[in-house]
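Asks: This is the structure I have questions about; it appears just below.
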Amino acid sequence: QTRTDTHTHRHIHTHTHTRTRTHAHTHTHTRTCASQCSHASVVPHAKPPLCEEGSHMPWDIPLDGSLQIEFKAEPQPPSIEEMGSDNGVKGLVHNMEHASTDGEKVSVFRMATVESEVYFSTEQAQSVTTAMHGLLGSLETVGALLPCMAEVEGRAQIVATNMSLKEQFQLRVKLGNAWKPLMGNATGFYSLDFTRQTDRRAATSLAQVANSERNDGKNNGIRSDTSQKGNWLSYRNESYNKAPLPQPLEPSFFNTLPMFGHMNFDYVSTHRPPKGSKALSDARFDKLLETIRKERDNIDLDTGFHVSTLLKGSRPGTSVECGGGERGGTSGADLATILGVVDNQQQIAGMSSRDSRELDERPASPAPARPHSPTSSVGSSRPESPVAHGPGFGPLGFGFEQEQGPTSTKFDPIAAESVDSQNARRGLFVDELIKYNDIVTAWKGFTETTLAVRQAKELAALEKAAAELEQRKNARKGNPTGAKDEHKGGHKKGKKHAKHPSGDAISKNGTMGEDGGSILHQEEPALLPEPTEPSLEFVRGYVTLLKLEALLCCKYVSTEQAGVLLRLFPRDDGLWVMVLTTLFSRLLDLGEVDGLLNIMTQQERNEASHRLGWLNLFNPMYPERDYQLELNHWDQRETCKIIVELAMAEEGENWVDEAYRRRRDMPWVPGWQFPEGFNKPDFDENGKEQGVYREGDLLARYVSPKVEMDARKALQFRTLSGATQIYGHH
């Protein structure tokens with residue numbers, strides 16, 4: 001960076017800028033002081049010296065020669081130095097109020113808020129909002145101002161002061177993924193489309209939060225590293241265009257945002273409530289419950305956006321309503337018209353006799369079987385992929401009365417729905433708030449990135465690699481198919497899973513029993529059709545969750561209150577995990593999160609650990625539970641090390657039902673038990689690796705014959721639950 005300054009004092013200034021800037025954050029500035037501002041002077045902190053990258057020795061600027069510097073600025077949250085002066089904002093308001101036309105007034109507002117590098121305080125933002133009253137409306141005005149405000153609390157105040165409850169819900173939907181980081185609740189799953197402006201804003205805002213939280217933990221010592229990869233960053237499970245990133249995601253990736261592409265990841269905010277924060281009082285929490293219940297129960301799901309609403313009247317003697325139309329009996333042909341398709345009989349009637357004969361002679365093509373989605377709910381009112389459920393019944397169990405001719409086939413409206421009809425249906429609004437297609441997109445992004453899906457993909461990749469290796473070996477032996485002659489020994493015996501020491505069989509998936517007991521065998525899931533859209537219960541729950549996020553701005557709840565909120569939602573498609581991630585950064589007593597995990601199923605707990613991370617959920621004060629750890633992930637290996645240290649400190653046999661395998665496509669090691677070397681440091685005096693394994697899957701249950709509270713308290717700071725002590729919570 002090359003800079004020429006006309007001032008040498010460290011005051012806050014309002015300046016006029018002449019700036020040339022590239023997306024790589026390489027700047028050339030020429031700055032002149034325009035006026036003294038009303039802010040007080042700021043005494044600068046002593047800065048450490050510049051150091052050479054290799055030796056880390058202080059580097060002094062030479063007295064001669066030339067130097068070229070490339071300055072890369074990591075995204076950071078707004079600081080007080082970037083806030084506009086009171087006089088400058090008064091001038092902005094004056095220009096808006098004295099604009100000759102409303103259009104000119106709006107133009108001045110746009111210039112001050114679009115891609116602006118000047119931030120407003122709460123009072124300044126309110127004065128701008130007041131000046132714009134009656135022109136753009138609260139939704140447009142506040143939505144443009146929020147990214148330009150320096151403080152989260154100020155954003156929440158502006159929203160609460162200037163917007164009705166309905167407008168707050170609309171703003172939550174309007175800002176999309178950007179809402180969470182802007183409103184101080186960054187934890188959640190993100191599916192970013194870089195062609196959308198709100199998603200680009202979300203990426204930049206999250207990068208600012210990530211750098212701030214990394215600096216707080218790494219440099220200020222208020223918490224330990226609880227990241228997934230040991231880099232102090234809170235991005236988890238990242239993928240770009242559905243492919244894993246070759247390197248861990250860094251905030252610097254968002255210095256220059258790509259113009260296209262999709263990125264999925266989970267983010268876990270490690271910021272804890274400030275000291276002195278309190279949970280909602282009983283009266284305010286009761287009011288919140290009353291509001292959210294009312295909003296949930298009033299969501300209109302009968303507007304024709306969902307396939308099940310079109311099908312529920314297809315039985316004889318019932319009726320169907322589409323898009324608020326009149327009710328009446330609907331036959332299969334009428335339903336086909338609704339869905340924008342033509343049934344088989346009509347298509348055949350329009351064919352020539354030759355075409356008809358060819359259709360008669362053409363063999364039916366069976367629909368390919370797809371694995372059942374690991375997150376789908378049994379009995380949900382969701383549209384399934386086409387599959388026969390008995391004579392005359394559609395995929396949801398609803399009958400379709402059709403004449404059965406020699407050339408007729410079962411009419412499946414879901415499979416036959418035209419693209420135009422599907423687009424029109426998904427373009428309808430749910431609760432006059434959000435497009436159904438946006439809900440489908442969020443549902444699909446979440447269900448396609450679950451722990452079960454990731455593990456299934458990893459297993460498939462391992463098995464494919466093993467098959468290719470075996471094929472290459474056979475090709476070198478002159479037997480490319482791998483088939484054996486019967487006279488050469490017959491077929492090779494397949495590998496068998498080892499029995500667990502206690503006698504219970506361990507499945508290839510290695511899942512714990514729901515009762516918290518021994519590890520149980522889990523049958524392979526049946527090959528059922530994968531759902532193509534969420535259930536109605538999920539739709540209602542998701543819309544309710546968006547409204548809850550709007551209501552919880554800068555408010556904190558206890559784990560007991562969070563449990564009450566959790567039970568307001570259905571469990572469809574991992575929705576409880578979604579709710580937990582929303583409440584996570586709002587929990588005042590994070591150390592008691594076990595109370596929420598205990599009311600979840602084992603599958604939900606596994607998914608919560610996948611999304612939020614073991615080191616963010618685990619509290620060494622309450623270690624008695626089942627553990628399913630993938631030791632190739634840094635955070636899960638660190639969790640294992642904590643459990644090992646605790647086991648060494650507490651007397652008795654506290655690891656039970658342990659099991660280990662080196663790879664997911666390998667059998668469990670027979671009779672495996674806690675190794676003696678697990679309690680050693682990561683490296684010996686010669687730098688050789690030792691201690692807890694760095695790969696493989698480990699299953700165990702921790703029990704406590706004798707509790708050592710001092711040891712547990714000492715280990716707590718290595719998890720996020722220990723950070724609550726630093727902030728003054730218990």
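Asks: Of all residues in region 207-249, which are of a type in the set (D, E, K, R), buried (at least 20 other Cβ atoms within 10 Å of the Cβ) and assigned to a helix (DSSP H, G or I)?
Replies: Glu213, Arg214
Asks: Out of (1) open to solvent by 20 Å² or more (accessible area, probe 1.4 Å); (2) without any contact (Cβ under 8 Å) to a residue 60 or more places away in the chain, what's the single condition that is false for Val577?
Replies: Val577 satisfies every listed condition except (1).
Asks: Any residue at all in region 524-545 that's more than 22 Å from Val440 (Cα to Cα), open to solvent by less than 10 Å² (accessible area, probe 1.4 Å) and either modelled with pLDDT of 95 or more or outside any helix (DSSP H, G or I) (or both)?
Replies: No; the residues of region 524-545 include none that is more than 22 Å from Val440 (Cα to Cα), open to solvent by less than 10 Å² (accessible area, probe 1.4 Å) and either modelled with pLDDT of 95 or more or outside any helix (DSSP H, G or I) (or both).
Asks: Quickly run through region 138-194 and pick out the residues that are over 21 Å from the mean Cα position of the chain (by Cα), under 26 Å from Trp443 (Cα atoms) and outside any helix (DSSP H, G or I).
Replies: Within region 138-194, none qualify.
Asks: Considering only residues that are open to solvent by 30 Å² or more (accessible area, probe 1.4 Å) and among the polar types (S, T, N, Q), look in region 426-447 and name the one that is farthest from the chain's Cα centre (by Cα).
Replies: Per the stated criteria, the residue is Asn437.
Asks: Among what's in region 657-668 and is in contact (Cβ under 8 Å) with a residue 60 or more places away in the chain and not hydrophobic (A, V, I, L, M, F, W, C), pick the residue that is most open to solvent (accessible area, probe 1.4 Å).
Replies: Out of the qualifying residues, it is Arg663.
Asks: If I filter region 673-694 down to residues being touching a residue at least 24 places away in the same chain (Cβ under 8 Å) and open to solvent by less than 50 Å² (accessible area, probe 1.4 Å), which single residue comes out as nearest to Lys464 (Cα to Cα)?
Replies: Of the residues in region 673-694, the ones touching a residue at least 24 places away in the same chain (Cβ under 8 Å) are 673-674, 678-679, 691-694.
Narrowing further to those that are open to solvent by less than 50 Å² (accessible area, probe 1.4 Å): 678, 691-692.
Details: Phe678: 32, Gly691: 31, Val692: 29 Å.
Among them, the one singled out is Val692.
Asks: Okay, moving on. What are the residue pairs meeting all of these: first residue in region 450-464, first residue under 11 Å from Asn606 (Cβ atoms), second residue outside any helix (DSSP H, G or I) and β-branched (Val, Ile, Thr), Cβ atoms under 6 Å, and 6 or more apart or on different chains?
Replies: Cβ pairs passing all conditions: Thr450/Thr375.
Asks: Also: Output yes when any residue across region 553-562 is under 30 Å from Arg664 (Cβ atoms), among the acidic types (Asp, Glu), more than 21 Å from the chain's Cα centre (by Cα) and open to solvent by 10 Å² or more (accessible area, probe 1.4 Å), and no when none is.
Replies: no
Asks: Which residue is nearest to Gly184 (Cα to Cα), if the candidates are limited to region 84-120 and must be small (Gly, Ala, Ser) and open to solvent by 50 Å² or more (accessible area, probe 1.4 Å)? It would help to see each step written out before you state the result.
Replies: Initial filter on region 84-120 (small (Gly, Ala, Ser)): 84-85, 88, 91, 99-100, 103, 107, 112, 116.
Imposing the further condition that a residue be open to solvent by 50 Å² or more (accessible area, probe 1.4 Å) reduces the set to 100, 107.
Numbers: Ser100: 38, Ser107: 29 Å.
Looking at the filtered set, the residue picked out is Ser107.
Asks: Just name the residue that is surrounded by the most Cβ atoms within 10 Å (Cβ to Cβ) out of those in region 140-198 that are modelled with pLDDT of 95 or more and at positive phi.
Replies: Residue satisfying both the conditions and the ranking: Gly188.
Asks: Checking Lys473 against (1) modelled with pLDDT of 80 or more; (2) touching a strand residue (DSSP E or B) at 6+ places or on another chain (Cβ under 9 Å), which single condition isn't satisfied?
Replies: Status for Lys473: all satisfied but (2).
Asks: Could you list, in sequence order, the residues of region 590-599 that are touching a residue at least 24 places away in the same chain (Cβ under 8 Å), outside any helix (DSSP H, G or I) and open to solvent by 10 Å² or more (accessible area, probe 1.4 Å)?
Replies: If the condition is that a residue be touching a residue at least 24 places away in the same chain (Cβ under 8 Å), outside any helix (DSSP H, G or I) and open to solvent by 10 Å² or more (accessible area, probe 1.4 Å), then Ile599 is the only one that fits.
Asks: Can we say Asn632 is under 22 Å from the mean Cα position of the chain (by Cα) and assigned to a loop (DSSP other than H, G, I, E, B)? Before the answer, list the steps.
Replies: Numbers: under 22 Å from the mean Cα position of the chain (by Cα): yes; assigned to a loop (DSSP other than H, G, I, E, B): yes.
So Asn632 fits the description; yes.
Asks: State the number of residues belonging to region 632-642 that are open to solvent by 10 Å² or more (accessible area, probe 1.4 Å) and of a type in the set (A, V, I, L, M).
Replies: Here the count works out to 0.
Asks: Sticking with this structure for a sec: Just to verify a result, which residue in region 695-722, among those that are of a type in the set (A, V, I, L, M, F, W, C) and under 27 Å from the mean Cα position of the chain (by Cα), is surrounded by the most Cβ atoms within 10 Å (Cβ to Cβ)?
Replies: In this case the residue turns out to be Leu720.
Asks: Mind counting the residues in region 710-724 that are touching a residue at least 12 places away in the same chain (Cβ under 8 Å) and either in a helix (DSSP H, G or I) or touching an Asp or Glu at 6+ places or on another chain (Cβ under 6 Å) (or both)?
Replies: 10
Asks: Okay, next question. Given the structure, is Glu81 open to solvent by less than 100 Å² (accessible area, probe 1.4 Å) and of a type in the set (D, E, K, R)?
Replies: So Glu81 fails the test.
Asks: Additional query: Note down all Cβ pairs under 8 Å where the first residue falls in region 552-569 and is over 16 Å from Ala283 (Cβ atoms), the second is of a type in the set (Ser, Thr, Tyr) and not in a loop (DSSP other than H, G, I, E, B), and they're at least six residues apart or on different chains.
Replies: Close Cβ pairs satisfying both conditions: Leu552/Thr582; Leu568/Thr544; Phe569/Thr544.
Asks: So, in region 281-302, how many residues would count as being under 18 Å from Leu545 (Cα atoms) and not in a helix (DSSP H, G or I)?
Replies: Filtering region 281-302 down to residues under 18 Å from Leu545 (Cα atoms) leaves 285-301.
Okay, now just the ones that are also not in a helix (DSSP H, G or I), so 298-301.
Qualifying residue count, region 281-302: 4.
Asks: Which pairs do you get when a residue that is under 10 Å from Ser704 (Cα atoms) and modelled with pLDDT of 90 or more, found in region 645-656, comes within reach of a residue that is part of a loop (DSSP other than H, G, I, E, B) and among the hydroxyl-bearing types (Ser, Thr, Tyr), reach meaning Cβ atoms under 7 angstrom, with the pair 6+ apart or on two chains?
Replies: Glu650/Ser704; Asn654/Ser704
Asks: Which residue is farthest from Lys90 (Cα to Cα), if the candidates are limited to region 108-137 and must be among the small types (Gly, Ala, Ser) and more than 31 Å from the chain's Cα centre (by Cα)? I'd like the intermediate steps shown before the answer.
Replies: Restricting attention to region 108-137, the residues satisfying the condition of being among the small types (Gly, Ala, Ser) are 112, 116, 121, 125, 127, 131, 134, 137.
Adding the requirement that they be more than 31 Å from the chain's Cα centre (by Cα) leaves 112, 127, 131, 134, 137.
On the way: Ala112: 12, Ser127: 8, Ala131: 11, Gly134: 19, Gly137: 21 Å.
Among those that are among the small types (Gly, Ala, Ser) and more than 31 Å from the chain's Cα centre (by Cα), it is Gly137.
Asks: So, Arg625, is that one basic (Lys, Arg) and surrounded by fewer than 22 Cβ atoms within 10 Å (Cβ to Cβ) or not? So that I can check it myself, show each step before the final result.
Replies: Working: basic (Lys, Arg): yes; surrounded by fewer than 22 Cβ atoms within 10 Å (Cβ to Cβ): yes.
Criteria met by Arg625.
Asks: Yes or no: region 665-673 includes at least one residue that is within 29 Å of the chain's Cα centre (by Cα) and either outside any helix (DSSP H, G or I) or not small (Gly, Ala, Ser) (or both). Steps first, answer last, please.
Replies: To start, the set of residues in region 665-673 that are within 29 Å of the chain's Cα centre (by Cα) comprises 665.
From what is left, the residues that are either outside any helix (DSSP H, G or I) or not small (Gly, Ala, Ser) (or both) are 665.
Checking region 665-673: at least one residue is within 29 Å of the chain's Cα centre (by Cα) and either outside any helix (DSSP H, G or I) or not small (Gly, Ala, Ser) (or both).
Asks: Moving on to the next point. Take region 580-589 and flag every residue that is surrounded by fewer than 21 Cβ atoms within 10 Å (Cβ to Cβ) and of a type in the set (Lys, Arg).
Replies: Residues satisfying the conditions do not exist here.
Asks: Further question on the same structure: Provide a single number: the residues in region 577-612 that are touching a His at 6+ places or on another chain (Cβ under 9 Å) and within 20 Å of Cys640 (Cα to Cα).
Replies: The qualifying residues number 1.
The values are calculated or read from the model by the stated rules, or taken from the named source; none is laboratory data. Keep in mind the model is a prediction, meaning the values are calculated, not measured. Cβ coordinates were reconstructed from backbone atoms using ideal geometry, including for glycine residues, and neighbour counts include every protein chain displayed. Keep in mind that these areas ignore ligands, DNA and RNA; they rest on the heavy atoms of the full protein, side chains included. Shrake-Rupley method; radii C 1.70, N 1.55, O 1.52, S 1.80 Å.
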